[in-house]
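These notes are about the structure you will find just below.
The values are calculated or read from the model by the stated rules, or taken from the named source; none is laboratory data. Because the structure is a prediction, the values reported are computed rather than measured. Please note: Cβ atoms are built from the backbone with ideal geometry, for glycine as well, and neighbour counts cover all protein chains shown. Protein only, heavy atoms only, side chains kept; ligands, DNA and RNA dropped before computing areas. Shrake-Rupley method; radii C 1.70, N 1.55, O 1.52, S 1.80 Å.
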Amino acid sequence: MSDSCPTLRRDGDHVVILDQTHLPYREHYRRLDSLEAVATAIRDMQVRGAPLIGATAAFGIAVALRQDASATRLHEADALLRQTRPTAVNLHWALDRMHAALQSTPPQQRSAAAWHEAEAIRAEDAAANGAIGQHGLGVLETLAGNRPLRVMTHCNAGWLATCGHGTALAPIYAAQAAGRDIQVWVSETRPRNQGLLTAWELARSGVPHTLIADNTAGWLMASGQVDAVIVGADRIAANGDTANKVGTYLKALCARAHGIPFYVAAPRSTIDMACPDGTGIPIEERDGDELRLLNGVLPDGEMGRLRIVDATTSTCNPAFDVTPAGLITGIITEHGVHPANALG
Ligand code: MRU
């Protein structure tokens, strides 16, 4: 990746995103020219990943205030963006921060101040990614000694999900840059298949990786083929319980059963000290068509959707699950590596 943030950037008084609903099949950049377009981009997962959702919402406030920077408009934009996705606390963190920066700014200066604050959020996320990478590299080096390391990840917590090098993938990129022999097990992450995004990212950076079906993870751990698991997070409660993409909990249980270290990598903005434990984390329930339809490329090269089950089939599609702190070996933030049960 380049340092210019391919996932999200300002272009005049618009925002340009890398539309992730087209990946890994084609690289399509989308111009967002209204508050509604930004809200749709977050809700429909054109942008996704907790830190990127937060930064995009911040830019959404700036887009909303271009012509009308009144307190009413600020409130309206905040309310619309806040309800786009419920679990990633970075969304609320970024909107709270925009509100704090803008509420006492005179309306005639508010638009410029909004762009400035959104850029600051983006830059700080990139810096946090860099620090997470270095702290995570320390963890990996301790685990590896001089041998090759096989790391498993779930979902996509790489540069596509952030404004920098990613969270869970940042230590992997740092290990690669340090000349470490590292290989990554990438779980598919049904139903949205964010693992395909991870495979695409790692391929572009030349990191050796292998795509697996989610159900393969247990066998790989049981047969001694996994040295560590690193995942990202959407919200970490004060006691260390961690919400991340559904399927994370199963990997944590399995890692514990086989004595494999299980790390969560996330910026401070993902920690919700107002939420005492995992039971307070809202879990997003998404449309059942994410299970009933498969996205892919048709024989004519165009993207298409394939129905794999009848529209009347009942579904249950929580986007996230919660891993109890007791299953987490450590939480890697920009400030260091913390025991999950001692975040305070
Ligand atoms: O539904 P998504 O794709 O937004 O979920 C993403 C995840 O669960 C990531 O692991 C998490 O947001 C961390 S991204 C650095």
*Rounded, prolate or oblate: which fits the range 125-280, taking a ≥ b ≥ c as square roots of the Cα gyration tensor eigenvalues, rounded meaning a/c under 1.5, else prolate when a/b beats b/c?*
rounded
*GLN109 to ALA274: FRET efficiency via 1/(1 + (r/R0)^6), r the Cβ-Cβ distance, R0 35 Å, to the nearest 0.05?*
0.70
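Count the net charge of all other residues whose Cβ sits under 13 Å from the Cβ of LEU65, scoring Lys and Arg as +1 and Asp and Glu as -1. If you can, show how the numbers build up before the last one.
Working: positive: ARG66, ARG73, ARG110; negative: ASP13, ASP68, GLU76, ASP78, GLU117.
Net of charged neighbours comes to -2.
Which order do the peptides 140-150, 13-23, 189-199, 168-178 come out in when sorted by mean C-beta neighbours inside 10 angstrom, highest first? Provide the component values of the computation, followed by the final result.
Values: 140-150: 14.0, 13-23: 18.8, 189-199: 22.5, 168-178: 24.1.
Final packing ranking: 168-178, 189-199, 13-23, 140-150.
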_Can you work out the Karplus-derived ³J(HN,Hα) for every residue in the range 333-343? Use 6.51 cos²θ - 1.76 cosθ + 1.60 with θ = phi - 60°, whole Hz, and x for glycine or proline._
10, 5, 9, x, 10, 10, x, 4, 8, 9, 6
*Beyond 33 Å, what share of the Cα-Cα pairs of the chain remains, rounded to the nearest whole percent?*
25
_Å² per residue, accessible surface of the range 8-125 at 1.4 Å_ = 39
_Mean-position separation - Cα centroids, the range 65-96 and the range 220-273, in angstrom_ = 30
_From zero outward in steps of 10 Å, how is the percent of C-alpha pairs of the range 14-111 spread across the bins?_
17, 50, 27, 6, 1
_For SER269, solvent-accessible area (1.4 Å; no DNA, RNA or ligand), Å²_ = 20
*Accessible area of the chain belonging to carbon and sulfur atoms, whole % at 1.4 Å probe*: 52
_Residue-span extension gain [SER70 to GLU36] - 0.36 nm each, minus C-alpha spacing_ = 10.5 nm
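In percent, how large is the relative contact order of the range 15-72, given Cα pairs closer than 8 Å and 6 or more residues apart?
Values: 56 pairs, mean separation 19.1, N = 58.
That works out to 33 percent.
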_Segment GLN83-GLN225, length gained on full extension (0.36 nm per residue, minus Cα span)_ = 47.0 nm
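How high is the relative contact order of the chain? Use alpha-carbon pairs under 8 Å, at least six apart in sequence, and give a whole percent. Before the final figure, lay out each step's value.
Numbers: 710 pairs, mean separation 55.5, N = 344.
Computed value for the chain: 16 percent relative contact order.
Per the helix-only calculation at 222 nm, which mean residue ellipticity applies to the chain, given -39500 (n - 2.57) for every DSSP H run of n ≥ 4 and division by its residues, nearest 500 deg cm²/dmol? Numbers along the way, then the final one.
Numbers: 10 runs with 128 residues, N = 344.
My calculation for the chain gives -11500 deg cm²/dmol from helical runs alone.
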*Counted charge near GLY145, where neighbours are those whose Cβ lies closer than 13 Å (Asp, Glu -1; Lys, Arg +1)*: -1
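Only bridges whose two residues both fall in the chain count here: according to DSSP, what percent of them are antiparallel, nearest 5? Spell out each step's value before the answer.
Details: 23 of 43 bridges.
Around 55 percent of the beta bridges assigned by DSSP in the chain are antiparallel ones.
What is the range 202-322 by shape, rounded, prolate or oblate, if you read a ≥ b ≥ c off the alpha carbon gyration tensor as root eigenvalues and call it rounded for a/c under 1.5, prolate for a/b larger than b/c, and oblate otherwise? Provide the component values of the computation, followed by the final result.
Working: a/c = 1.82, a/b = 1.27, b/c = 1.43.
Oblate is the answer for the range 202-322, as a/c is 1.5 or above yet b/c matches or exceeds a/b.
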_In the range 29-63, whose amide N lies under 15 Å from the spot 7 Å out along Cα-to-Cβ of THR21? List them in ranges._
29-33, 36-49
_Computed E for ALA342/SER205 - FRET, C-beta separation, R0 51 angstrom, nearest 0.05_ = 0.95
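At a threshold of 8 angstrom on Cα-Cα distance, excluding pairs fewer than six apart, so keeping six or more, what relative contact order does the range 1-122 reach in percent?
Working: 171 pairs, mean separation 28.0, N = 122.
Rounded, it is 23 percent for the range 1-122.
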*Leaving ligands, DNA and RNA out of it, rank MET221, MET303, MET273 by accessible area with a 1.4 Å probe, largest first.*
MET273, MET303, MET221
*DSSP beta bridges in the range 183-272, what fraction antiparallel, as a percent rounded to 5?*
20
